[in-house]
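Below you'll find the structure, written out as structure tokens, and then a few comments.
The values are calculated or read from the model by the stated rules, or taken from the named source; none is laboratory data. Keep in mind the model is a prediction, meaning the values are calculated, not measured. Neighbour counts run over all protein chains shown; Cβ positions are idealised from the backbone, glycine included. Surface accessibility is based on the protein's heavy atoms, side chains included, excluding ligands, DNA and RNA. Shrake-Rupley method; radii C 1.70, N 1.55, O 1.52, S 1.80 Å.
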Amino acid sequence: MSFSTPVGGTEDISVTLVPNAEHPVAQTIFDRLLPTDKITAVNELCDAVECAWRTGYGETEKAFILQDLKGAEAMMDCVRRLEQQAKEEIAQYKELSM
């Protein structure tokens with residue numbers, strides 16, 4: 001059985017999230033989490049943002065703000081779309097340069 005604590009905690013547990021000061025996007029993510037978001041989903045989102053090197057932290061953060069996204073799921077969907085868009089742009093560039 002898999003269990004993940006909501007970021008809002010429960011009456012039996014307290015959860016404190018500390019964003020990584022080296023990456024301003026971390027604070028933006030934490031500011032946009034919902035109390036019902038699970039810690040596992042937050043970890044997956046942060047890993048996806050870290051691995052989305054084609055998009056970059058600044059563009060990812062900008063997209064979260066401009067789209068006024070709330071919740072880990074909405075932000076994860078955005079990261080996936082941005083990454084796919086970046087891959088398509090790279091593929092188009094490669095086609096044009098051949």
- Could you please tell me which pairs satisfy a Cβ distance under 7 Å, a separation of 6+ or placement on different chains, a first residue in region 76-88 that is farther than 19 Å from ASP37 by Cβ, and a second residue that is open to solvent by 60 Å² or more (accessible area, probe 1.4 Å)? LEU82/GLU59; GLU83/ARG54; ALA86/ARG54; LYS87/ARG54
- Do any helices (runs of 4 or more DSSP H) lying entirely in region 13-98 carry at least 3 residues that are in contact with a helix residue (DSSP H, G or I) (Cβ under 6 Å, 6 or more places away or on another chain) and not hydroxyl-bearing (Ser, Thr, Tyr), and which ones are they? 39-51, 57-66, 72-96
- Item | Residue that is nearest to ALA72 (Cα to Cα), among those in region 18-34 that are modelled with pLDDT under 90 and open to solvent by 70 Å² or more (accessible area, probe 1.4 Å) | GLN27
- Message: Quick check on ALA52: is it within 23 Å of VAL7 (Cβ to Cβ), hydrophobic (A, V, I, L, M, F, W, C), at pLDDT 95 or above and surrounded by 12 or more Cβ atoms within 10 Å (Cβ to Cβ)?
- Response: no
- Looking only at region 36-57, decide whether some residue is touching a residue at least 40 places away in the same chain (Cβ under 8 Å) and either out of contact with any Pro (no Cβ under 6 Å at 6 or more places or on another chain) or of a type in the set (D, E, K, R) (or both). no
- Query: Which residues, counting only those in region 55-98, are more than 16 Å from THR28 (Cβ to Cβ) and open to solvent by less than 50 Å² (accessible area, probe 1.4 Å)?
  - Reply: GLU83, ALA86, ALA91
